[in-house]
Amino acid sequence: MSKSFDFGREAENFAADYFEKNGYEILARNFIYQKAEIDLIIQKNQLIVIVEIKARAYNPLLSPEESVNKKKKKLLISAAHQFIMINNMNADVRFDILALEKKKAEWFINHIEEAFSPIEL
């Protein structure tokens, strides 16, 4: 496996632990629909949260969340709609970005709740 794959897997595991420690239930990891992949689908109470994880080594000039563009957001919305339909769910949905930066052995977290909305696209 490549270092990039290992780094991504480590970030996803860290993110899953972060959400579980904050009271969320993991419903799915790496849900794929057509050209879209949702990193994490989590739930807390009656709220479904679609999480895009962006992880990088520390870089003071560029934050990880800046790489989530309009095309990616549209793909996430489409995949989220499909997941909800497949699972016959009736709940509110929120789209979050979890930006992770690793400096040496430490992860720095920027959890952006309601990072975007289907309405704004």
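The values are calculated or read from the model by the stated rules, or taken from the named source; none is laboratory data. Quick caveat: nothing in here was measured; it's all calculated off a predicted structure. Methodologically, a virtual Cβ is constructed for each residue, glycine included, from the backbone with ideal geometry; neighbour enumeration extends over all protein chains shown.
Considering only segment 58-100, state which residues are within 22 Å of Asp6 (Cα to Cα), in contact with an Asp or Glu (Cβ under 7 Å, 6 or more places away or on another chain) and not β-branched (Val, Ile, Thr).
Tyr58, Pro64, Ala99
Taking the stated definitions as given, is Ile26 hydrophobic (A, V, I, L, M, F, W, C) and either touching a residue at least 24 places away in the same chain (Cβ under 8 Å) or surrounded by 16 or more Cβ atoms within 10 Å (Cβ to Cβ) (or both)? Walk me through it before giving the result.
On the way: hydrophobic (A, V, I, L, M, F, W, C): yes; either touching a residue at least 24 places away in the same chain (Cβ under 8 Å) or surrounded by 16 or more Cβ atoms within 10 Å (Cβ to Cβ) (or both): no.
In short, no.
Take the residues in segment 68-112 that are among the acidic types (Asp, Glu) and either in a loop (DSSP other than H, G, I, E, B) or exposed (fewer than 11 other Cβ atoms within 10 Å of the Cβ) (or both); name whichever of them is modelled with the highest pLDDT.
For segment 68-112, the residue satisfying everything is Asp92.
When residues of segment 2-23 are filtered for being surrounded by fewer than 17 Cβ atoms within 10 Å (Cβ to Cβ) and either more than 21 Å from Glu101 (Cα to Cα) or among the small types (Gly, Ala, Ser) (or both), how many remain?
So the count comes out to 4.
What residue, of Asn45, Asn59, is among the polar types (S, T, N, Q) and over 15 Å from Ile26 (Cα atoms)?
Being among the polar types (S, T, N, Q) and over 15 Å from Ile26 (Cα atoms) holds for just one of Asn45, Asn59, which is Asn59.
Report every pair of residues separated by at least 6 positions or lying on different chains whose Cβ atoms are under 6 Å apart, first residue within segment 44-72 and on the phi > 0 side of the Ramachandran plot, second hydroxyl-bearing (Ser, Thr, Tyr) and part of a helix (DSSP H, G or I).
none
Can we say Phe31 is at pLDDT below 95, aromatic (Phe, Trp, Tyr) and either over 16 Å from Phe95 (Cα atoms) or touching a helix residue (DSSP H, G or I) at 6+ places or on another chain (Cβ under 8 Å) (or both)? Full working, then the answer.
Numbers: at pLDDT below 95: no; aromatic (Phe, Trp, Tyr): yes; either over 16 Å from Phe95 (Cα atoms) or touching a helix residue (DSSP H, G or I) at 6+ places or on another chain (Cβ under 8 Å) (or both): yes.
Spelling it out, it is not the case that Phe31 is at pLDDT below 95, aromatic (Phe, Trp, Tyr) and either over 16 Å from Phe95 (Cα atoms) or touching a helix residue (DSSP H, G or I) at 6+ places or on another chain (Cβ under 8 Å) (or both).
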